[in-house]
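Chemist: Below: one structure in structure tokens.
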Amino acid sequence: MRGHSFAYYPGCSGLGTSMEYDSSTRAVCKALFVELHDVPDWSCCGSSPAHTVDHVLSAALSARNLAKVESTGRETVITPCPSCLTNLRTAGHRMEKPEFRARVNSLLDTPCKGDVQAKSVLQILVEDVGLEMIAASVQKPLKGLKVAPYYGCIMNRPPEIMQFDDHENPMAMDRILAALGAEVVPFPLKVECCGASYGVARKDVVARLSSKLLDTAVGLGADMMATACPLCQMNLDLRQEQASQHSGRAYSMPVLYFTQLMGMALGVAEAELGFDKLCVSPDRAFEAMAASTIANKQSERGSRV
Amino acid sequence: MSASFDADFVAQVQAASEQNLALCYQCGNCTAGCPYTFAYDIPVNQIMRLVQAGQKHKTLTCKSLWLCATCESCTTRCPNDIDVARIMDVLRHMARCEGHAPERAVKVFWDSFLESVRKHGRVFEAGLLAKYVARTGRVWTDFDLAPRIIPKGKLALKPHPIQGLGEMEKIFKRFEEQGGCL
Ligand code: SF4
Ligand code: SF4
């Protein structure tokens, strides 16, 4: 079996608020024979705050990391975080123009050539590893688990820069979840914004946007939501009670990283998946899934007699 | 009452965003898909109109610029392929340089974030929050989250500095020396 090997950019939240995304990503990649090589001495991409200040500064913060990848001779760097991804890709895209690249490099010690490509972990799982391989590696199918896939606003937008999946109705995560045996509910707000980084300064705004997403998932009968973005996960999980207060409806919706669900289905040790890091525990949903699996098996046996 | 047409302003926005403002025909698609319209003082399509009309002061002092999340919905759905989100970004760069920031807490949060990056190379979340609270003089409005997040062991209490701290400092320093507004 041929494995894959990529440079890996964890992103700052992977060291803190999204540590379970980072650890589950690493574990799932290992299980699927994807080698990850951390970008040496990587630094913050600047996230949104940098691009709100200046586009050359923002690109320089990304380019320092792209130059590090270049120095290792690798051509592709992958990251779990859509915000990091956007910054890395936008920097690469804009640096195709020599004039812009020169301005970026004027801020850097080590110039960046701009020939490294950034992709999401989600993208390489679907395109390089492939759904067949994922399906074939499932040890514990997520049978009976109803999952609402939520991609967030910038995983696929704008399409000219992201160049992956559909920008209005992305399907990559749906397909992975289906390959794991889960029941994927058709979530209409896949690419709606959750309030992004305004949680701290304007939590009223986030509470309103997040409750819309939570209401929709509840209305569709989802057992849990799956996400690919640390900011979305934090807004929907950590701030779920604030959303409840805003809407007057008490939510109890687990919001997991899709890699945690993959790890579960692939039989990865739970210690690496960090379910205990989630504020809204998924335990009840998993227990219900296990119970229905047993019930189904019994009824199958019953019907055979 | 509107101010007179400021041609320089229009030219600056066009040059910095590399977008042709004249292409906007006010269909309103951007506003229809903008998740923040409810919080904006001026909806995004009207900002486009104000820029076309060269209304510099009114544009650069609006709150919306500080609430746009760069969700890219407008850019993705504009029938004329205008990169509206990039224009919003360019406008807040200009607002910042001219000293306007009507959503002060948002600016303080972003500034504290970048200072954390400059100092440690990576964002130090707990330090960033402490700085934000100190600067805004607010009590931490998220105190209800503390009992949820602290036991999870997710908020690192120490920064994770990188080796290339000197390089990071130089990125910001050169940016300032070249006339950039932090
Ligand atoms: S969607 Fe495009 S053309 Fe329509 S109002 Fe917005 S910027 Fe103008
Ligand atoms: S990018 Fe900004 S202006 Fe455009 S739709 Fe999103 S929040 Fe609204």
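The values are calculated or read from the model by the stated rules, or taken from the named source; none is laboratory data. Since the model is a prediction, treat every value here as computed from it, not as a measurement. Here the Cβ positions follow ideal geometry from the backbone for every residue, glycine too, while neighbour counts run over all protein chains shown.
Chemist: All but one of (1) outside any helix (DSSP H, G or I); (2) touching a residue at least 60 places away in the same chain (Cβ under 8 Å); (3) within 14 Å of another protein chain (Cβ to nearest Cβ) hold for residue A:268; state the number of the condition that does not hold.
Modeler: For residue A:268, the exception is condition (3).
Chemist: Only one residue in A:196, A:243, A:182, A:250 is away from every other protein chain (no Cβ under 13 Å) and touching a residue at least 24 places away in the same chain (Cβ under 8 Å), so which one is that?
Modeler: On the way: A:196 fails: away from every other protein chain (no Cβ under 13 Å); A:243 fails: away from every other protein chain (no Cβ under 13 Å); A:250 fails: touching a residue at least 24 places away in the same chain (Cβ under 8 Å).
Residue meeting the stated conditions: A:182.
Chemist: Return the residues of segment A:185-236 that are more than 15 Å from the chain's Cα centre (by Cα), of a type in the set (A, V, I, L, M, F, W, C) and part of a helix (DSSP H, G or I); say none if nothing qualifies.
Modeler: Within segment A:185-236, A:205, A:206, A:207, A:209, A:213, A:214, A:217, A:218 qualify.
Chemist: Among the residues of segment A:275-298, how many are touching a residue at least 60 places away in the same chain (Cβ under 8 Å), away from chain B (no Cβ under 14 Å) and among the aliphatic types (A, V, I, L, M)?
Modeler: Residues that pass the stated criteria total 3.
Chemist: Something else now. Hey, any hits in segment A:215-230 for a residue that's surrounded by fewer than 24 Cβ atoms within 10 Å (Cβ to Cβ) and within 14 Å of another protein chain (Cβ to nearest Cβ)?
Modeler: Checked against the condition, which is being surrounded by fewer than 24 Cβ atoms within 10 Å (Cβ to Cβ) and within 14 Å of another protein chain (Cβ to nearest Cβ), segment A:215-230 yields at least one hit.
Chemist: Can I ask one more? Please find, among B:37, B:70, the residue that is at positive phi, not hydrophobic (A, V, I, L, M, F, W, C) and not in a helix (DSSP H, G or I). Reasoning before the result, please.
Modeler: Working: B:37 fails: at positive phi.
B:70 is the lone residue from the list that is at positive phi, not hydrophobic (A, V, I, L, M, F, W, C) and not in a helix (DSSP H, G or I).
Chemist: Follow-up. List, please: which pairs have Cβ atoms under 6 Å, are six or more places apart or on different chains, and start with a residue in segment B:13-30 that is touching a residue at least 24 places away in the same chain (Cβ under 8 Å) and end with one that is near ligand 1 (Cβ under 7 Å from one of its atoms) and polar (S, T, N, Q)?
Modeler: Note: pairs meeting the criteria are B:23/B:80; B:30/B:45.
Chemist: Identify, from the list B:128, B:114, the residue that is at the interface with chain A (Cβ under 7 Å from one of its Cβ atoms), closer than 29 Å to residue A:110 by Cα and at pLDDT 85 or above. Show your work before the answer.
Modeler: Numbers: B:128 fails: at the interface with chain A (Cβ under 7 Å from one of its Cβ atoms).
Going through B:128, B:114 in turn, the sole match is B:114.
This table checks each residue for (1) in contact with a Lys or Arg (Cβ under 6 Å, 6 or more places away or on another chain); (2) under 20 Å from residue B:159 (Cα atoms); (3) outside the structural domain of residue A:197 (by TED's automatic domain parsing).
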site	(1), (2), (3)
A:8	no, no, yes
A:24	no, no, yes
A:47	no, yes, yes
A:63	no, no, yes
A:67	no, no, yes
A:72	no, no, yes
A:78	yes, no, yes
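Chemist: Please verify whether segment B:136-146 includes one or more residues that are modelled with pLDDT under 85, surrounded by fewer than 16 Cβ atoms within 10 Å (Cβ to Cβ) and under 19 Å from residue A:277 (Cβ atoms).
Modeler: The answer is yes; a qualifying residue exists.
Chemist: Which residue is surrounded by the most Cβ atoms within 10 Å (Cβ to Cβ), if the candidates are limited to segment A:101-123 and must be in a helix (DSSP H, G or I) and in contact (Cβ under 8 Å) with a residue 12 or more places away in the chain? Before the answer, list the steps.
Modeler: First, pick out the residues of segment A:101-123 that are in a helix (DSSP H, G or I): A:101-105, A:121-123.
If we keep only those that are in contact (Cβ under 8 Å) with a residue 12 or more places away in the chain as well, we get A:101, A:103-105, A:121-123.
Values: A:101: 20, A:103: 18, A:104: 27, A:105: 19, A:121: 25, A:122: 25, A:123: 20.
If we take residues in segment A:101-123 being in a helix (DSSP H, G or I) and in contact (Cβ under 8 Å) with a residue 12 or more places away in the chain, then A:104 is surrounded by the most Cβ atoms within 10 Å (Cβ to Cβ).
Chemist: Do you know which residues across segment B:32-55 are within 9 Å of ligand 2 (Cβ to nearest atom) and within 14 Å of chain A (Cβ to nearest Cβ)?
Modeler: Hits for segment B:32-55 are B:33, B:34, B:35, B:36, B:37, B:40, B:44.
Chemist: Which fully enclosed helices (runs of 4 or more DSSP H) of segment B:90-182 have 2 or more residues being in contact with a Ser or Thr (Cβ under 6 Å, 6 or more places away or on another chain)? Before you say what the answer is, go through the steps one by one.
Modeler: On the way: elements: B:104-120, B:125-136, B:146-149, B:165-177.
So the answer is B:104-120, B:125-136.
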